[in-house]
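The values are calculated or read from the model by the stated rules, or taken from the named source; none is laboratory data. Keep in mind the model is a prediction, meaning the values are calculated, not measured. Cβ placement follows ideal geometry from the backbone for every residue including glycine, while neighbour counts extend to all protein chains displayed.
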Amino acid sequence: MEGSNFKRVLLVLRHMALRPRDGVRWARWIFGRESPLDLGLPWMSWGAIGYLNRHVQPGMRVFEWGGGGSTRYFLKLGCRVTTVESNRFWKEQIERTVSQDNLHGTLKIRLVPAETRNPKSIRAYIGAVHSGAPWDIIVIDGVERDYLSRTDCVREARGLVKTDGFIVLDDAYRSAYKEVPRLLYGYRRRAFRGLGPARLGVTQTDIYSPPRET
């Protein structure tokens, strides 16, 4: 076993011991291997999902860069969801899956083919968040490439979430996102590190709340 893999296993075992409930849920997934879309859960840490469970209310307006299990999750909670997806196949998968659900929310899903590397498409993908703002929740969990970073989406999201809303950044442990806390200076950061559905290792999801108006 490679050193990095060995460390990952040790980290998983440590988090299973620290949070046995998460460990049990994670172990069930290992045997079932359902995708987040199948599960209808965000592909985030269990801690972040718990925070969402406590704070998401029916009727909230959600913008997502990148859809999937989170799309089903918010729809089932009665949210009005706008999703921008960069991959046609995945967009169609989401549409087929949610069409079978008994949904309480509404969905607008738009294909913006940023993965083509077309500069116009990339600008449209990043800028899509402006139409319909301000949002109750902005989820940054979309395409990540050398020509398009989720950090670009963070920059665009600043000021486009309501005062009592929040911005969700998944995979926040990645070094590529080390400048995000600076970009969102003044926002309250909640870091949820741990196991999650359909994650082989420990992950981290950060949730940022904007400054309160005075």
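Here are a few things to note about the model shown:
- Qualifying residue in the range 37-44 (condition: out of contact with any helix residue (DSSP H, G or I) (no Cβ under 6 Å at 6 or more places or on another chain), farther than 11 Å from Pro197 by Cβ and surrounded by fewer than 24 Cβ atoms within 10 Å (Cβ to Cβ)): no
- Enumeration of residues in the range 127-176 that are of a type in the set (Ser, Thr, Tyr) and within 25 Å of Gly47 (Cβ to Cβ): Ser149, Thr151, Thr163, Tyr173, Ser175
- Test: residue in the range 103-110 that is in contact with a Gly (Cβ under 8 Å, 6 or more places away or on another chain) and among the β-branched types (Val, Ile, Thr): yes
- Scope the range 99-113; condition closer than 27 Å to Arg145 by Cα and either touching a residue at least 40 places away in the same chain (Cβ under 8 Å) or hydrophobic (A, V, I, L, M, F, W, C) (or both); matching residues: Leu107, Ile109, Leu111, Val112
- On inspection, Ala124 fails the criterion of being more than 16 Å from the chain's Cα centre (by Cα), surrounded by fewer than 19 Cβ atoms within 10 Å (Cβ to Cβ), in a loop (DSSP other than H, G, I, E, B) and modelled with pLDDT of 95 or more.
- Ile137 being among the aliphatic types (A, V, I, L, M), closer than 21 Å to Tyr73 by Cβ, surrounded by fewer than 21 Cβ atoms within 10 Å (Cβ to Cβ) and within 18 Å of the chain's Cα centre (by Cα): no
- Filter result for the condition that a residue is within 21 Å of Pro58 (Cα to Cα), crowded, with 17+ Cβ neighbours inside 10 Å and either aliphatic (A, V, I, L, M) or touching a helix residue (DSSP H, G or I) at 6+ places or on another chain (Cβ under 8 Å) (or both), over Leu75, Leu169: Leu75
- Taken together, the residues in the range 137-150 that are in contact with a strand residue (DSSP E or B) (Cβ under 6 Å, 6 or more places away or on another chain) and either within 11 Å of Glu64 (Cα to Cα) or among the hydroxyl-bearing types (Ser, Thr, Tyr) (or both) amount to 6.
- For the range 78-90, the set of residues classified as at negative phi and either crowded, with 24+ Cβ neighbours inside 10 Å or not basic (Lys, Arg) (or both) consists of Cys79, Val81, Thr82, Thr83, Val84, Glu85, Ser86, Asn87, Phe89, Trp90, listed by residue number.
- In the range 190-206, the residues that are over 12 Å from Arg33 (Cα atoms) reach residues that are of a type in the set (Val, Ile, Thr) and in a strand (DSSP E or B) with C-beta atoms within less than 6 angstrom, at least six apart or across chains, in these pairs: Arg190/Ile207; Phe192/Thr205; Gly196/Thr203.
- Residue list for the range 58-85, restricted to those being in contact with a Cys (Cβ under 8 Å, 6 or more places away or on another chain) and either part of a loop (DSSP other than H, G, I, E, B) or among the hydrophobic types (A, V, I, L, M, F, W, C) (or both): Pro58, Gly59, Met60, Val62, Trp65
- Each residue in the range 132-158 was checked for being part of a loop (DSSP other than H, G, I, E, B) and touching a residue at least 12 places away in the same chain (Cβ under 8 Å), and 10 of them qualify.
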